[in-house]
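Okay, so here's the structure we're looking at.
The values are calculated or read from the model by the stated rules, or taken from the named source; none is laboratory data. Worth saying up front: this structure is predicted, and the values here are computed from it rather than measured. All Cβ positions, even for glycine, are placed from backbone atoms using ideal geometry, and neighbour counts span all protein chains on display. Side chains included, ligands, DNA and RNA excluded: accessible areas come from the protein's heavy atoms. Shrake-Rupley method; radii C 1.70, N 1.55, O 1.52, S 1.80 Å.
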Amino acid sequence: MKFSRKFRQGFWFAMSGVSIVIVLGMLGLVIGFIISKGADVISWEFLTDVPHKAMTEGGIWPAILGTLLLSLGSIVFALPLGLFAAIYLVEYSRDGKLRRWIRVGVNSLSGVPSVVFGLFGLALFVNFLGFGACILAGSLTLGLMVLPTIIRATEEALKSIPMSFREASLALGATRWNTTVRVVLPAAVSQILTGVILAVGRAAGETAPIMFTAAVFFTKRLPTGLFSKVMALPYHIYALMTEGTHPVEQTAMAYGTALVLLMLVLLVNGAAIFFRIRARKGKKW
Amino acid sequence: MTRFTSETVVKPLLGFFALLSLVFLAGILVTLLTESGPFFGEYDPLKFFTGTQWYPTLQTQNEAGEWVSNPQFGLLPLLTASLQVTLLALVIALPLSLGAAVFLAEIAPPALREIIKPLIELLAGIPSVVFGFIGMVLVAPFIKDLFGIPIGLNGLSASIVLAFMAFPTITSLAEDAISAVPHDLKEASLAMGANRWETVSRVMVPAARSGIYSAVILGFGRVIGETMTVLMVAGGGAALTINPLSPLRPMTATIALEMGEAVQGGPHYHALFALALLLLVITLAFNLLAERIRGGRQELQR
């Protein structure tokens, strides 16, 4: 009896370890597989040239550029909104009905499916406001989508600043706004940056919101302004795998594109995680 | 004096920015309602909710023998497909997530936990289109060979990929729930002579169950809204079926696939907005439900 209890404990503990191993093994498999297949495709030309011959040769530079522009655009839009919203929630509002409603709104917004954001962007920015499918419409759509991420990250960052910082500043006669801008934000800035970096990574990888609002399968021209259509890495992978007439060559290009996107996103996320761990260790309070 | 005025201006201004999230949410809802309104005017809602055929470009002959367009917008095949891949994905993900959550919360030494948790975060950061790509080039061929079927792009392949996408969300929430169980409960159980596994399985997990339910419900909301994976991997068949080895076309995939072809302002366009509206309602409901359950537990603990 005693043996069997001990045995059962060992068995189930081992099983729970196995589930971690399965998932991390899959993660390793996915990354390793894309690296091994994509590495052959990657070359200087692949990274800097435009596509040639119906997407079977050449490179993906327009897609890289498009993804950078779209994710930066979304942050330019979402960062100020998210920052102000979080400052209000943490520094200004008291526990109350309004704050609870805002929190429900933020949480709900973060649960809205990406394709619904895409349709919203299509109906509002592309059609109703007449932007057409372009960088601006895509950035606004992506910005809406990452707004909850930024609000939450900033909230966490602000909450982690000890109350004594604020009290010291207020006791010296500074206003709440002065305290927030001169004392709280500088102390929280590295943590806020971490959240922003994560949001960039998320925006860079999204496909469904930009399908109808910004992205095209193919354009030789590089974007010239906010109202240009662009290629984007995630949409490019999808298009290579599902459209066109040269499946074999296109799949090879898709491996290369997937590797570039994966590296970009892993680099961004890895940087955020690294900064967070370092900030936590170096924290002085 | 100026400082007082700046403070009185700042607070409402910041409050306005905070309210924008609610405004955007309402904006999305209103947009979907207005864009799908015409659909429910033209097409019998009863036929939409009970129809078994999704065939937007169907043409039939009328009495005079002319071919006229007679689009069929039956929701059932798409809704069943969505529910099917989502539930199957959760069935696959749940044991893995629970095991991982128990491992992280109760078994792993802190140093190991510090390594594993960032790796799970990296998994969560992989774009869905990359998951879809992996589903196409890796999972689908494997499923095809395993079951000896002609094409591996089907509901099961999509569910497997979706399970790994749902894993980080469910695991981290379940782990939080298990870690939040008061220490007294754990110590009482250990003091009664239960070993660590008995304590985890009969005390900790039951005590954390509302948090775990809420994690699963939130996972459901995430997975049913996932687009690129099902678009690329589920196969796209719009027939009503409950066989996971057949090609399926969940709601999200239908929207993404057909919006490019639909005539703007036409019945098909409005029908796709109706799908999006339904999707939004489902995900919002599950989100609120998850929050309710979790919120209720927090109040109990206080």
Leading residue by the ranking (most open to solvent (accessible area, probe 1.4 Å)) among those in region B:218-260 that are at the interface with chain A (Cβ under 9 Å from one of its Cβ atoms) and not in a helix (DSSP H, G or I): B:GLY260
Would you be able to say whether some residue in region B:92-107 is of a type in the set (D, E, K, R) and surrounded by 14 or more Cβ atoms within 10 Å (Cβ to Cβ)? yes
Since A:SER139 meets every condition but one in (1) within 10 Å of another protein chain (Cβ to nearest Cβ); (2) touching a Phe, Trp or Tyr at 6+ places or on another chain (Cβ under 7 Å); (3) hydroxyl-bearing (Ser, Thr, Tyr), which condition does it not meet? (1)
Do we have B:LEU284 as buried (at least 24 other Cβ atoms within 10 Å of the Cβ), at the interface with another protein chain (Cβ under 10 Å from one of its Cβ atoms), among the aliphatic types (A, V, I, L, M) and out of contact with any strand residue (DSSP E or B) (no Cβ under 8 Å at 6 or more places or on another chain) here? no
Picked from region A:58-89 (must be more than 23 Å from the chain's Cα centre (by Cα) and surrounded by fewer than 24 Cβ atoms within 10 Å (Cβ to Cβ)), the residue farthest from A:CYS134 (Cα to Cα) is A:GLY58
Of the residues that sit in region A:227-268 and are touching an Asp or Glu at 6+ places or on another chain (Cβ under 9 Å) and open to solvent by 10 Å² or more (accessible area, probe 1.4 Å), which one is farthest from A:ASP40 (Cα to Cα)? A:GLU249
Of everything in region B:1-54, what is touching a helix residue (DSSP H, G or I) at 6+ places or on another chain (Cβ under 7 Å), within 12 Å of another protein chain (Cβ to nearest Cβ) and of a type in the set (Ser, Thr, Tyr)? Give them in sequence order. B:SER6, B:SER21, B:THR31, B:SER36
Considering residues of region B:197-217 that are under 12 Å from the mean Cα position of the chain (by Cα) and surrounded by fewer than 24 Cβ atoms within 10 Å (Cβ to Cβ) only, the residue farthest from the other protein chains (Cβ to nearest Cβ): B:VAL216
Against the conditions (1) more than 8 Å from chain B (Cβ to nearest Cβ); (2) within 25 Å of B:THR227 (Cβ to Cβ); (3) surrounded by fewer than 20 Cβ atoms within 10 Å (Cβ to Cβ), where does A:SER190 fall short? Just the number, please. (2)
Of everything in region A:75-112, what is part of a helix (DSSP H, G or I), without any contact (Cβ under 8 Å) to a residue 60 or more places away in the chain and closer than 18 Å to A:LEU185 by Cβ? Give them in sequence order. A:PRO80, A:PHE84, A:TYR88
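Has region B:183-190 got any residue that is in contact with a helix residue (DSSP H, G or I) (Cβ under 7 Å, 6 or more places away or on another chain), within 11 Å of chain A (Cβ to nearest Cβ) and either under 27 Å from A:SER114 (Cα atoms) or assigned to a helix (DSSP H, G or I) (or both)?
Pass one, region B:183-190, residues in contact with a helix residue (DSSP H, G or I) (Cβ under 7 Å, 6 or more places away or on another chain): B:185-186, B:189-190.
When the remaining residues are screened for being within 11 Å of chain A (Cβ to nearest Cβ), the result is none.
Looking for residues that are in contact with a helix residue (DSSP H, G or I) (Cβ under 7 Å, 6 or more places away or on another chain), within 11 Å of chain A (Cβ to nearest Cβ) and either under 27 Å from A:SER114 (Cα atoms) or assigned to a helix (DSSP H, G or I) (or both), one finds none in region B:183-190, hence no.
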Name the residue that is nearest to B:ILE116 (Cα to Cα), counting only residues in region A:9-27 that are modelled with pLDDT of 90 or more and more than 8 Å from chain B (Cβ to nearest Cβ). A:VAL21
Looking at (1) within 8 Å of another protein chain (Cβ to nearest Cβ); (2) among the β-branched types (Val, Ile, Thr); (3) part of a loop (DSSP other than H, G, I, E, B), find the lone condition where A:VAL30 falls short. (3)
Could you count how many residues in region B:121-136 are more than 7 Å from chain A (Cβ to nearest Cβ) and open to solvent by 20 Å² or more (accessible area, probe 1.4 Å)? 1
